[in-house]
Amino acid sequence: MITVLLDKNRHDRNYFDCGVEELNNYLKLMASQQAKKDNTRAFILEDEERPERIIGFYTLTMTPIDLKALPVKLQKRHQSARSAGLIARLAIDQRYKNQGYGEWLLIDALRKLLLVSETVAFPLVVVDAKEGAIAFYKKFGFTPFNDTPHKLFMTIAAIRKSLVEAI
Ligand SMILES: CC(C)(COP(=O)(O)OP(=O)(O)OC[C@H]1O[C@@H](n2cnc3c(N)ncnc32)[C@H](O)[C@@H]1OP(=O)(O)O)[C@@H](O)C(=O)NCCC(=O)NCCS
């Protein structure tokens, strides 16, 4: 399996339904425009038998780090850092849920961000979790920020360790 960049001429965005209207609409109406403007990148996991069908997607960009919302030890360690990688959205179509695709997509996003961080350094990856998905991210090692429980982070160091260990 591989993810590809969203292609509005190839991918049937209207068919996609993750159960969260905001995310469906983002994919339908915003993702392609935002990529064109270099604001975010949207990656698609296609159904191999019907490549126009979207199993799931995620979007990547950068976000400022709110140092005060981090544990003290990390505040000190990263006080000169300004930006984190952001998984802004990640969703699986309801017809493909509970088959391991969400986990696969999250790992794929983390691999991409880790690779980028080897060239342009940033110390954290942040996810913006919709209600109900916080436990999903915690399961994979993300920690909620002190002040915003729906925003979670994981250090690049921890991501590197867990991805290297998984090889
Ligand atoms: C959250 C979501 C991405 C999970 O995708 P999925 O393909 O159904 O999940 P997977 O099959 O890969 O599950 C992997 C593991 O996470 C667990 N898991 C899945 N969804 C979970 C949730 N909402 N909370 C806690 N754990 C969850 C599974 O039980 C599984 O655990 P196991 O390996 O011990 O069996 C998907 O339900 C979704 O798109 N939700 C709607 C959109 C959303 O909320 N996106 C996230 C924020 S933008």
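Every number here is computed from the coordinates shown, using simple stated rules; none is lab data. What you see is a predicted model; the values in this text were computed from it and never measured. For neighbour counting, all protein chains shown are included, and Cβ atoms are generated from backbone atoms with ideal geometry for every residue, glycine included.
Dipole orientation for the chain: of the candidates 33, 120, 80, 80 has the Cα lying most toward the positive pole (charges on Cβ; Lys, Arg +1; Asp, Glu -1).
Helical runs assigned H by DSSP (4 residues or longer) give the chain a calculated mean residue ellipticity at 222 nm of -8500 deg cm²/dmol, each run adding -39500 (n - 2.57) before division by the residue total. Using only side-chain charges placed at the Cβ, +1 for Lys and Arg and -1 for Asp and Glu, the dipole size of the range 3-166 relative to its Cα centre rounds to 660 debye. Return the aspartates and glutamates within reach of residue 151: Cα separation strictly under 14 angstrom, same-chain partners fewer than 8 residues apart disregarded; answer none if there are no such residues. The reachable aspartates and glutamates, counting only those whose Cα sits under 14 Å from residue 151, are 66, 128, 131. Other residues whose C-beta falls under 14 angstrom from the C-beta of residue 150 contribute a net charge of -1, scoring Lys and Arg +1 and Asp and Glu -1.
Checking the cross-link pairs 8/112; 36/73; 37/76; 37/112; 36/112 against a 31 Å limit on the alpha carbon distance flags 36/73; 37/76 as lying beyond it. For the range 29-36, putting each phi into the Karplus relation 6.51 cos²θ - 1.76 cosθ + 1.60 with θ = phi - 60° gives couplings of 10, 10, 4, 5, 4, 5, 5, 4 Hz, in residue order, rounded to whole numbers and with x for Gly and Pro. Neighbours of residue 59, meaning other residues whose beta-carbon lies under 9 angstrom from its beta-carbon, give a summed charge of +2 when Lys and Arg score +1 and Asp and Glu score -1. Between residue 121 and residue 15, the C-beta separation translates, for a Förster distance of 30 Å, into a calculated FRET efficiency of about 0.20. Taking 0.36 nm per residue of separation and subtracting the current Cα-Cα distance, fully stretching the chain between residue 82 and residue 148 would add 21.9 nm. Rounded to the nearest Hz, the phi-derived 3J(HN,Hα) couplings of the range 5-12 under the Karplus curve 6.51 cos²θ - 1.76 cosθ + 1.60 (θ = phi - 60°) are 5, 4, 10, 5, 7, 10, 9, 7, where x marks glycine and proline.
In the chain, Cα pairs under 8 Å separated by at least six residues give a relative contact order of 18 percent.
Would you mind classifying the range 1-79 by shape? Square roots of the alpha carbon gyration tensor eigenvalues, ordered a ≥ b ≥ c; an a/c under 1.5 is rounded, otherwise it is prolate if a/b is larger than b/c and oblate if not. Verdict is prolate for the range 1-79.
Taking one quarter of the surface of the C-alpha convex hull of the range 3-166 gives a mean projected area of 9.8 nm².
Axis angle, to the nearest 10 degrees, between helix 156-166 and the longest C-alpha principal axis of the chain: 60 degrees.
Ranking 42, 70, 55 by how far each Cα lies toward the positive end of the dipole of the chain (charges on Cβ) leaves 70 at the top.
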